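Have a look at the structure below before the remarks.
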Amino acid sequence: MTEITLAICMYNAENYIEETLACIMTQTMQDFHLLIVDDCSTDNSTFRVENFFKQNDRQYELVQLAENQGIAYARNFAIRHARTKYIIFVDSDDMPLPQLIEKEYTTLQNDDDLIAVSSWSQFIDAKNKRMKGGLFIGDTTKELFLKRAKADKRIYLPIQTMFDREAAIRVGGIALTGYPDGKPRYRDYCEDLELWTRLSDLHTEGKCIVVLPEVLYQYRKTEGLSSNHFNMIIKMEYVKANLRRRRKGIKELTFIDYYNSLSRSELSRLLRSSHAADCLRNGIFYIKEKKVIKGLALLFECVWSHPSYLIEKMIANSGWFNKL
């Protein structure tokens, strides 16, 4: 009986889903249940999936949600719908490399202390060409992870993390309640950060999360102007606040209560951080578009708004320190 579910949660993914499925078919380990959750797509995503498997013989399960609920709901649904010991998510526009499943599963199987194993990612563009950088984040040893977890740090991992499904459910999975109605849908921002950080609570039982220092996944990075980092940054701060409350035995806050509790100075700090993030992304975009003066001005503004932000992003996306 298979022990793994590979879950793809998709919404309007017709442009890339067939390429993603083709990568799934090349996995060196094929003993996994393939679960595809369609979040009420309005394009030809489901047709592309069904047509792909008419031409490629493989077991798969396609679940179509009745209404669009967002990525947090879709992933939480997949965790609770699956029946295997482990689950791993692959985004519907990304390209996992052939040994992803085999290497992460083997590492999990060989160490009873592990509840999750991830790997490094390489950035690719819309045409599948490699871009500079990737996601070189996470602790590569149990000792480093335990040090971070005991210090009440958030746990950042790429999405292609294989983890113990029942452990994820036990720590609460991905929280869906306590958020304001309508848009922006705050529960969808950094929903995986919340899951990894909740799993890290189990460090008190000697359970660990590690990252294989090897690129096993190609992450499609969209380019273009941005002005919405605030939603992501405030969600990251919310995850940190509840992490600290849990570790102190204090009841967690709903997102609404957390947002309402922020002072003007705290909101101002978060706005400066989000402005720095927008300036960095937009500055790089303009430089690539050969609008160098405008791009450099935005990079300078990024450093002025948040001096350490540029360095932090360079470390996470280049992997310099991880590769030493």
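The values are calculated or read from the model by the stated rules, or taken from the named source; none is laboratory data. Remember, it's a predicted structure, so these values are computed and weren't measured experimentally. We place every Cβ from the backbone using ideal geometry, glycine too, and count neighbours over all the protein chains shown. To get the accessible areas, we keep the full protein, side chains included, count just its heavy atoms, and leave off ligands, DNA and RNA. Shrake-Rupley method; radii C 1.70, N 1.55, O 1.52, S 1.80 Å.
Note on the range 252-271: among residues that are touching a Lys or Arg at 6+ places or on another chain (Cβ under 9 Å) and not charged (D, E, K, R), the one that is least open to solvent (accessible area, probe 1.4 Å) is 255. State yes or no: is residue 139 farther than 23 Å from residue 13 by Cα, surrounded by 14 or more Cβ atoms within 10 Å (Cβ to Cβ) and touching a residue at least 40 places away in the same chain (Cβ under 8 Å)? The answer is yes for residue 139.
Of the strands (runs of 3 or more DSSP E) entirely within the range 1-79, those holding at least 2 residues that are surrounded by 16 or more Cβ atoms within 10 Å (Cβ to Cβ) occupy 4-10, 33-38.
Screening the range 80-100 for residues that are of a type outside the set (S, T, N, Q), open to solvent by less than 60 Å² (accessible area, probe 1.4 Å) and under 24 Å from residue 171 (Cα atoms) and picking the one that is farthest from the chain's Cα centre (by Cα) gives 82. Taken together, 308, 274, 227 contain a single residue that is of a type in the set (Ser, Thr, Tyr), modelled with pLDDT under 80, closer than 30 Å to residue 215 by Cα and open to solvent by 50 Å² or more (accessible area, probe 1.4 Å), which is 227. Among the residues of the range 230-251, those identified as open to solvent by less than 60 Å² (accessible area, probe 1.4 Å) and under 25 Å from residue 151 (Cα atoms) are 233, 234, 235, 236, 237, 238, 239, 240, 241, 242, 243, 246.
Among residues that are surrounded by fewer than 18 Cβ atoms within 10 Å (Cβ to Cβ), out of contact with any His (no Cβ under 6 Å at 6 or more places or on another chain) and either of a type in the set (Asp, Glu) or not in a loop (DSSP other than H, G, I, E, B) (or both), residue 132 is included. Are any of the residues in the range 174-182 touching a strand residue (DSSP E or B) at 6+ places or on another chain (Cβ under 9 Å), loosely packed, with under 15 Cβ neighbours inside 10 Å and assigned to a loop (DSSP other than H, G, I, E, B)? Checked against the condition, which is being touching a strand residue (DSSP E or B) at 6+ places or on another chain (Cβ under 9 Å), loosely packed, with under 15 Cβ neighbours inside 10 Å and assigned to a loop (DSSP other than H, G, I, E, B), the range 174-182 yields no hits at all.
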